[in-house]
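Everything below concerns the one structure shown next.
The values are calculated or read from the model by the stated rules, or taken from the named source; none is laboratory data. Quick caveat: nothing in here was measured; it's all calculated off a predicted structure. Please note: Cβ atoms are built from the backbone with ideal geometry, for glycine as well, and neighbour counts cover all protein chains shown. Accessible surface is based on the protein model in full, side chains and every heavy atom, while ligands, DNA and RNA are left aside. Shrake-Rupley method; radii C 1.70, N 1.55, O 1.52, S 1.80 Å.
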Amino acid sequence: EAFNSILDSTINILEIVRDFDHPCRVVYTSSSMVYGDFETDLVSESAQKKPKDIYGSFKLCGEIIIEGYKQRHNIDTAVVRPSAVYGPYDGNQRVLYKFITSAIKNEPIIIDGDGSMKLDFTFVDDAAYGFYLVSTHENASGEIFNITRGKAERLIDVAEILKKYFPDLEIIH
């Protein structure tokens with residue numbers, strides 16, 4: 001599924017765009033998962049890429065494909081690497097969605113490990129505005145952008161914030 005939804009669809013879009021008679025920018029949605037575990041709280045676009053799962057690996061492959069089409073067919077491209085996007089109507093049920101849903105249902109929050117893993121949570125409206133800027137700004141062409149809040153938070157700290165609003169919340173490691 002990841003291969004088809006990430007790589008096949010990216011190639012299909014690029015094949016269509018390369019034959020356009022008018023210019024347009026292809027903004028590829030990659031992921032902060034291309035970095036693997038963050039080595040620092042603030043990760044720059046030039047940080048080492050060490051994906052640790054299939055998803056991050058395929059997203060990085062997509063970036064390479066984008067670059068290849070840009071070079072070969074002179075396609076205007078940019079790459080966006082969002083991080084831990086959250087907000088209403090999260091259909092992917094990411095970690096923050098799961099934590100909040102569990103708290104509302106009075107179910108325990110389950111954290112893998114000791115909770116020290118950090119994520120740079122990004123509100124969906126901020127991510128959307130970032131995509132808009134990358135899509136429309138002339139200087140964004142050919143560039144890579146992390147779209148994040150810029151401050152990583154430990155999962156245990158996120159759970160403790162929820163505990164303030166849901167005092168009976170149980171946190172299980």
Pick out, from Gly68, Cys24, Val43, the residue whose Cα sits farthest towards the positive end of the charge dipole of segment 1-100, with +1 on the Cβ of Lys and Arg and -1 on the Cβ of Asp and Glu.
-> Val43
Okay, helix-only estimate at 222 nm for the chain: each DSSP H run of n ≥ 4 adds -39500 (n - 2.57), divide by all residues, round to 500 deg cm²/dmol; what do you get?
-> -11500 deg cm²/dmol
Gain on full stretching of the segment that runs from Asn12 to Asn106 - 0.36 nm per residue minus C-alpha separation = 29.4 nm
Longest site-free stretch - the chain; sites: chymotrypsin sites (Phe, Trp or Tyr not before Pro), DSSP loop, at most 12 other Cβ within 10 Å | 90-173
Tail beyond 21 Å, pair distance distribution of the chain (Cα, percent) | 55 percent
Dipole magnitude of the chain about its Cα centre, charges +1 at Lys/Arg Cβ and -1 at Asp/Glu Cβ only, in debye to the nearest 20?
-> 80 debye
Could you check the simple spin-label distance between Asn74 and Asp53, using points 7 Å along Cα→Cβ, in nm with one decimal?
-> 4.1 nm
Tilt of helix 124-136 relative to the longest C-alpha principal axis of the chain, in degrees (0 to 90, nearest 10)?
-> 10 degrees
Kindly express, to the nearest 10 degrees and within the range 0 to 90, the angle between helix 54-73's C-alpha long axis and the longest C-alpha principal axis of the chain.
-> 20 degrees
State the antiparallel share, in %, of DSSP beta bridges confined to the chain, rounding to the nearest 5.
-> 15 percent
GluC sites (Glu not before Pro) lying in DSSP loop within segment 6-111, provided at most 14 other Cβ fall within 10 Å | Glu39, Glu45
Quick one: with all protein chains in place, what share of the accessible area of segment 22-89 is carbon or sulfur, to the nearest percent (1.4 Å probe)?
-> 56 percent
Förster radius 25 Å - calculated FRET efficiency between Lys164 and Thr40 (Cβ-Cβ, nearest 0.05) = 0.35
Estimated FRET transfer efficiency when R0 is 22 angstrom, pair Asp19-Ile64 (beta carbons, to 0.05) | 0.55
With the dipole of segment 68-173 worked out from charges on the C-beta (+1 for Lys and Arg, -1 for Asp and Glu) around the Cα centre, which of Ser141, Phe99, Val85 lies farthest toward the positive end?
-> Ser141
For the chain, longest principal axis from Cα atoms; helix 95-104 axis from its Cα atoms; angle between them, nearest 10 degrees, is 30 degrees
Over all directions, average the projected area of the Cα convex hull of segment 1-93 and note it in nm².
-> 7.2 nm²
FRET efficiency for Ser135 and Asp157, using Cβ-Cβ distance with R0 set to 35 Å, rounded to 0.05 | 0.60
